[in-house]
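Engineer: Could you have a look at this structure, given as structure tokens, before my questions?
The values are calculated or read from the model by the stated rules, or taken from the named source; none is laboratory data. What you are looking at is a predicted structure, and each value in this text was computed from that prediction instead of being measured. Cβ atoms come from the backbone with ideal geometry, glycine included; neighbour counts cover every protein chain shown. Only protein heavy atoms, including side chains, enter the accessible area calculation; ligands, DNA and RNA are left aside. Shrake-Rupley method; radii C 1.70, N 1.55, O 1.52, S 1.80 Å.
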Amino acid sequence: MSWTYKTHQIGDITQFPENTFGFVYIVTHNPSGKSYIGKKVLFHNKKKKLGKKELEKLSGIVGRRPAYKLEVKESDWFNYYGSQKDIKQLLLEGKKDEFERTILKMCPDKKTLTYFEVKYQMLYQVLEKPSEFFNDNILGKFYTRDLENIEFEDLVKERK
């Protein structure tokens, strides 16, 4: 199952614009109507220990020699549905075909990616609508449980 971006299906890394670091997405479980908004990077930097032959090639280096090299690997973005426990449970039950995955925004760097993840989570009011969203926190700082006794309609009226 591929991702949808605007009207296009994305099933291969080459279909992303060249400068894409990651994307903000919304995953919807169709039977329940609940969604999850998150972010996913396309590549990971992985430390790999240098072998004997590679270390020998560095013997002429003055100063401290590196013990590791960084390898860039493609992430599991294609098969990713989210890290939320309820979504993972539904996937374990074999309900992958009940989900719809949509890319909301492609981002060129980590900072922009985090900004747009939070922006979409706030715009969609994911913490204020626990019956509509799986999200139970934003940035590990704001939690649904902290907002249980707040009446949001009053806040909107105050602003007018």
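Engineer: With unit charges on the beta carbons (Lys and Arg positive, Asp and Glu negative) and the dipole taken about the Cα centre of the chain, which residue among 67, 108, 13 sits farthest to the positive side?
Structural biologist: 67
Engineer: In deg cm²/dmol and to the nearest 500, what is the mean residue ellipticity at 222 nm of the chain if only DSSP H runs of at least 4 residues count, each as -39500 (n - 2.57), divided by the residue total?
Structural biologist: -6500 deg cm²/dmol
Engineer: Going down the list 40/69; 34/88; 40/88; 47/73, which pairs span over 20 Å between their C-alpha atoms?
Structural biologist: Exceeds cut-off: 40/69.
Engineer: Moving on. Using the crude model of +1 on Lys and Arg Cβ and -1 on Asp and Glu Cβ, and no other charge, please compute the dipole size for the chain relative to its Cα centre, in debye to 20.
Structural biologist: That gives the chain a dipole magnitude of about 1200 debye.
Engineer: If you don't mind, there's one more thing I want to ask. Please list 135-143, 123-131 highest first by mean number of surrounding beta-carbon atoms within 10 Å per residue.
Structural biologist: The peptides rank, most packed first, as 123-131, 135-143.
Engineer: Hey, what D do you get for the chain in µm²/s if you plug the Kirkwood alpha-carbon radius into Stokes-Einstein at 10 °C and 1.306 mPa s?
Structural biologist: 86
Engineer: Taking the simple approach of a point 7 Å from Cα along Cα-to-Cβ for both residue 136 and residue 85, what is their distance in nm?
Structural biologist: 0.5
Engineer: May I pose another question? Mind checking which aspartates and glutamates have their Cα closer than 17 Å to the Cα of residue 95? Skip sequence neighbours fewer than 8 apart in that chain.
Structural biologist: 86
Engineer: Once you place label points 7 Å from the Cα toward the Cβ at residue 50 and residue 112, how far apart are they in nm?
Structural biologist: Inter-label distance under the simple model: 3.4 nm.
Engineer: If one computes the Cα centroid of segment 89-134 and of segment 11-79, what distance in Å separates the two points?
Structural biologist: 20
Engineer: Counting only the heavy atoms of the protein chains, how much of residue 81 is accessible to a 1.4 Å probe, in Å² to the nearest 10?
Structural biologist: Surface open to solvent at residue 81 totals about 10 Å².
Engineer: Going 7 Å from the Cα of residue 92 along its beta-carbon direction, which residues of segment 26-48 have the amide nitrogen within less than 18 Å of the resulting point?
Structural biologist: What the label zone holds, given the 18 Å backbone N cut-off, is no residue at all.
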